[in-house]
Amino acid sequence: MQPWTSPPVPVLPGRGPALRLHDTATRQVRPTKPGHTARMYVCGITPYDATHLGHAATYLAFDLVHRYWRDAGHDVHYVQNVTDIDDPLLERALRDQDDWVVLGMRETALFREDMESLRVLPPRDFVGAVEAIGEIIEVVGKLLAYGAAYRIDDPEHPDIYFDHQAAAHFGSESGYDEQTMARYSAERGGDPERPGKRHPLDALMWRTAREGEPSWDSELGAGRPGWHVECSAIALNRLGTGFDVQGGGCDLIFPHHELSAAHAEALTGEYPMAQHYVHTGMIGLGSERMSKSKGNLVFVSRLRADQVDPMALRLALLSGHYRTDRPWTTRMLDEAVGRLNRWRQAVALPTGVPTEDTVRRLRAHLADDLDTPGALAALDAWATETLTRRGRDVNAPVHLQAAVDALLGIVL
Ligand code: ZN
């Protein structure tokens, strides 16, 4: 798929400390240690509905990782998928009497527009499941041949499942006990009750063709792929194993990321698939989590249509720490508008107070597991000082603008 257009990214003098991120698997904030090319995979959307603020907050968090690594001199190979064939897409198309292909294309186009307006740097590889079907079939075929996958005993629908015991480190990504895994599997699209499986936690890899559903011919039989193997195939074929960051919302910790990692381990014999598993908190509305089942989604495209400045929206979502579950309120947006105005007033002055220390603090906060509240406070301090005592540095306004753009993706 064609990713969206990249905004320009200013190059700043100097470097910050190594980026430290929280890793779900080790439950620690640890330094990332990318080579010349930093490798990141972030799970993409299932395009059956517009991008809501929870999605936006997730992609913004990983955009900060992308930007920080670039600032540190790395080339960043960022891969993101689009799950453009899966149950939720087919269910929505059926409900709305829509064509699933058209629905997927329409919502993917809207997602691109949303990301571009928020100035999210695009992935180098933006890959739809449909265009990766051949790769997925190859992975499933190999896992069958290795004995890590099996067909269930169902003459009508002999679907292929992954034997989760084929991965020695199964469970190490989430750290969940079996009871918790079983609960999340049932809640998040798994099918622990499906008859014929060897174990309730075994995951669907190839769903044989059903009446009225799209399917692809293959040596596995006509069918369509499961979700976890889609991400394993797309990630491994572009990034190899042991890449730097696997990311997504915290609802992907289990089963999605655990199973994707297990598929990769069974396929390659190597562990881990990713050095860091990084998960974002949930954005709520009032006291509730924002989710499609609760019908309380706030869409980025809706706010854009209401003339909300995307930079204020970006700033509002960055005002909380990415790992905290946090509610979305109009007050957050109002505060972001006020903050943006103060910063813009300050950089519009011909001179300001020197920026070196502010940029150093900005980098240090971001390097500390993306401490955006700290980063914003450092910029607030600069703006207040410049507005109250002006300063004499003629380069300060331009330098500060460049730093805020490069590191936070915000244009003043
Ligand atoms: Zn994924």
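The values are calculated or read from the model by the stated rules, or taken from the named source; none is laboratory data. It should be emphasised that the depicted structure is a prediction, and the values quoted were computed from it without experimental measurement. Note that each Cβ is placed from the backbone with ideal geometry, even for glycine, and that neighbours are counted across all protein chains shown. Calculation scope for accessible area: heavy atoms of the full protein, side chains included, ligands and nucleic acids excluded. Shrake-Rupley method; radii C 1.70, N 1.55, O 1.52, S 1.80 Å.
One table, with the values for the structure above:
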{"quantity": "Unique match (being assigned to a helix (DSSP H, G or I), under 26 Å from R360 (Cβ atoms) and either open to solvent by 10 Å² or more (accessible area, probe 1.4 Å) or at pLDDT below 95 (or both)) among R30, R70", "calculated": "R70"}
{"quantity": "Single residue of V308, V298 found to be closer than 21 Å to M115 by Cα, at pLDDT below 95 and open to solvent by less than 60 Å² (accessible area, probe 1.4 Å)", "calculated": "V298"}
{"quantity": "Single condition I152 does not satisfy, out of (1) open to solvent by less than 10 Å² (accessible area, probe 1.4 Å); (2) within 30 Å of A61 (Cα to Cα)", "calculated": "(2)"}
{"quantity": "Test: residue in segment 17-27 that is touching a residue at least 12 places away in the same chain (Cβ under 8 Å), within 27 Å of L376 (Cα to Cα) and within 16 Å of the ligand (Cβ to nearest atom)", "calculated": "yes"}
{"quantity": "Matching residues in segment 88-111 - criterion: being surrounded by fewer than 18 Cβ atoms within 10 Å (Cβ to Cβ) and out of contact with any helix residue (DSSP H, G or I) (no Cβ under 9 Å at 6 or more places or on another chain)", "calculated": "E91, R95, Q97, M105, R106, A109"}
{"quantity": "Restricting segment 368-412 to residues that are in a loop (DSSP other than H, G, I, E, B) and hydrophobic (A, V, I, L, M, F, W, C), the residue that is surrounded by the fewest Cβ atoms within 10 Å (Cβ to Cβ)", "calculated": "V394"}
{"quantity": "Given (1) more than 18 Å from G35 (Cα to Cα); (2) within 12 Å of the ligand (Cβ to nearest atom), index of the condition Q246 fails", "calculated": "(1)"}
{"quantity": "For R360: the one exception among (1) in contact (Cβ under 8 Å) with a residue 40 or more places away in the chain; (2) under 31 Å from the mean Cα position of the chain (by Cα); (3) buried (at least 21 other Cβ atoms within 10 Å of the Cβ)", "calculated": "(3)"}
{"quantity": "Near pairs, Cβ below 8 angstrom, 6+ apart or cross-chain, from segment 38-50 (within 8 Å of the ligand (Cβ to nearest atom) and open to solvent by 10 Å² or more (accessible area, probe 1.4 Å)) to any residue that is part of a loop (DSSP other than H, G, I, E, B) and modelled with pLDDT of 95 or more", "calculated": "G44/T83"}
{"quantity": "Which listed residue is modelled with pLDDT of 95 or more and either within 16 Å of the chain's Cα centre (by Cα) or not in a helix (DSSP H, G or I) (or both), from D98, D154", "calculated": "D98"}
{"quantity": "Failed criterion for A25 (all others in (1) closer than 27 Å to L333 by Cβ; (2) small (G, A, S); (3) part of a loop (DSSP other than H, G, I, E, B) hold)", "calculated": "(1)"}
{"quantity": "Qualifying positions in segment 227-247 - among the small types (G, A, S) and surrounded by 23 or more Cβ atoms within 10 Å (Cβ to Cβ)", "calculated": "S232, A233, A235, G247"}
{"quantity": "Whichever residue in segment 253-266 is surrounded by 24 or more Cβ atoms within 10 Å (Cβ to Cβ) and of a type in the set (A, V, I, L, M) and, among such residues, is nearest to K142 (Cα to Cα)", "calculated": "A266"}
{"quantity": "Verdict on P13 being under 24 Å from L412 (Cβ atoms) and free of Cβ contacts under 8 Å to residues at least 60 places away in the same chain", "calculated": "yes"}
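For (1) modelled with pLDDT of 95 or more; (2) among the aliphatic types (A, V, I, L, M); (3) more than 11 Å from the ligand (Cβ to nearest atom), each residue gets a yes or a no:
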{"site": "G212", "(1), (2), (3)": "no, no, yes"}
{"site": "V229", "(1), (2), (3)": "yes, yes, no"}
{"site": "T241", "(1), (2), (3)": "yes, no, yes"}
{"site": "F254", "(1), (2), (3)": "yes, no, yes"}
{"site": "H276", "(1), (2), (3)": "yes, no, yes"}
{"site": "L285", "(1), (2), (3)": "no, yes, yes"}
